[in-house]
Amino acid sequence: MAYDPSYDTDDSAVPAAVRIFFKKRFFEFTGAVLFLLLIALGVALATWSADDPSLNNAIDGTASNWLGYPGAVLADQLMQFFGLGVLPLMAIPMAWAVRFMGHQGMIRPIRSVFSWLFACLCASATLAALPAPSSWSLASGLGGNAGDVIHSLIMIVLSLAVSGAIAKAIAGGLMVAAFGYLALRAMGYGRDDTVLHTAVAGERVRRRARGVGSM
């Protein structure tokens, strides 16, 4: 009889309960690691100072950032690029961490990651339209360098038809709607639910704007 080296490798080789057990532990581990990384990033950003030594501030001295020089560099690069757009940069992955620890995982990971990145850029562009307070320590606006560039490009395009406050309002509305849509997609909402939530949010914004205008 010829020797047959094949093995039975169908799903019955490993009991379903064992597969489910390890799958859940993997999700929990992934969620915990992601959660800890986001906490570390939050600490770096919360203790960020423009006066700390970094790639954009080549000075001697010890960084006041709680994570030392690496934390100062990471926080400064993110603040320079996204500005306050770092808030959704952290918030959306935190929702992923919660899903992982709840044994759910990410829905369409590639789409979610790209939606997350573009949502952060839209948030930065929205913030760039707002006036920065005198205490703001960066040369760029509240949306960082990325927000300034995107907002400027939108204003250039809109200037072909409108200008002034109307153009700023349209640019802000477009970026808010785009951010809301992309953020929901990044968190796993389907297209129909995302459109519905975005439409409802847009209607609320319009009602508040009309209320302010009538005062």
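For segment 1-157, what % of the accessible area comes from carbon and sulfur atoms, probe 1.4 Å? Could you put the intermediate results ahead of the total?
Values: 6630 of 9440 Å².
Accessible surface attributable to carbon and sulfur in segment 1-157 totals 70 percent.
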Rounded FRET efficiency, nearest 0.05, which uses the C-beta distance separating residue 114 from residue 90 and R0 of 22 Å: 0.80
Accessible area per residue, Å², segment 97-161 with all protein chains present, probe 1.4 Å: 55
Gain in span if fully extended, residue 29 to residue 77, counting 0.36 nm per residue against the direct Cα distance: 14.5 nm
Zone residues, segment 88-130, relative to residue 17, backbone N less than 18 Å from point 7 Å out along Cα-to-Cβ: none
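The values are calculated or read from the model by the stated rules, or taken from the named source; none is laboratory data. None of these values were measured; they are calculated from a predicted model. Quick reminder, even Gly has a Cβ in these numbers, built from the backbone with ideal geometry, and neighbours come from all protein chains shown. These accessible areas exclude ligands, DNA and RNA; they are computed on the full protein's heavy atoms, side chains included. Shrake-Rupley method; radii C 1.70, N 1.55, O 1.52, S 1.80 Å.
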